[in-house]
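Step one of this worksheet: look at the structure below.
The values are calculated or read from the model by the stated rules, or taken from the named source; none is laboratory data. Note that the structure is a prediction, hence the values are computed from the model and not measured. Using ideal geometry, Cβ is built from the backbone for each residue, glycine included, and neighbour counts are taken over all protein chains shown. Remember, those area values only see protein heavy atoms, side chains included, never the ligands or the DNA or RNA. Shrake-Rupley method; radii C 1.70, N 1.55, O 1.52, S 1.80 Å.
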Amino acid sequence: MSDATTVDGLEWAAGRGLGALAEKMGIRLTEFAVERAVATMPVEGNTQPVGLLHGGAYVVLGESLGSMAANLYAGPGRLAVGVDINATHTRSARSGRVTGVCTPVHLGRSMTVHEIVVTDAEGRRCSTVRITNHIKDLPAS
């Protein structure tokens, strides 16, 4: 794919944006490169009625990181689109911020797979998200 190692990932992501949903959920990138992407998200405002972080919120954090990382890897003129995502929740966050750390499992010509480990403020794993993205050429304008 492109030589994404020469690109400032945080600058690239800032120019692209994370999207309206990620912004509403308070997701903030703190580190962003092909090899590792990190973001945080507040628990407050993203909870179930019983006060636990909503399982779907973990998935949104994971998909935001994994899709953005796949698009950085894909490079100019190409687009990564999600084709599969799954999550296993192993702990419930109740307060503070959670942190998602995204690392590639596979970086291919037409497919990427990323694992996103989401931990609570004490560093305990709460969810493991895996996303597969298909990389394709952007449609001609």
Item checked: Of all residues in region 64-86 being of a type in the set (S, T, N, Q) and surrounded by 14 or more Cβ atoms within 10 Å (Cβ to Cβ), the one that is nearest to G17 (Cα to Cα) -> S64
Checklist line | Positions within region 97-141 being closer than 19 Å to R36 by Cβ and of a type in the set (K, R), in sequence order | finding: R97, R125, R130
Next item on the list: Keeping to region 17-33, report how many residues are closer than 19 Å to T128 by Cα and open to solvent by less than 40 Å² (accessible area, probe 1.4 Å).
Entry: 4
Note to self: Of the conditions (1) farther than 23 Å from L10 by Cβ; (2) of a type in the set (G, A, S); (3) open to solvent by 20 Å² or more (accessible area, probe 1.4 Å), A121 satisfies every one except a single condition; which number is it?
What the structure shows: (1)
Check: Taking region 4-49, which residues are outside any helix (DSSP H, G or I), within 22 Å of K136 (Cα to Cα) and without any contact (Cβ under 8 Å) to a residue 24 or more places away in the chain?
Finding: G17
Notebook entry, point to check: Any residue at all in region 50-63 that is assigned to a helix (DSSP H, G or I), at negative phi, surrounded by fewer than 16 Cβ atoms within 10 Å (Cβ to Cβ) and without any contact (Cβ under 8 Å) to a residue 12 or more places away in the chain?
Noted result: yes
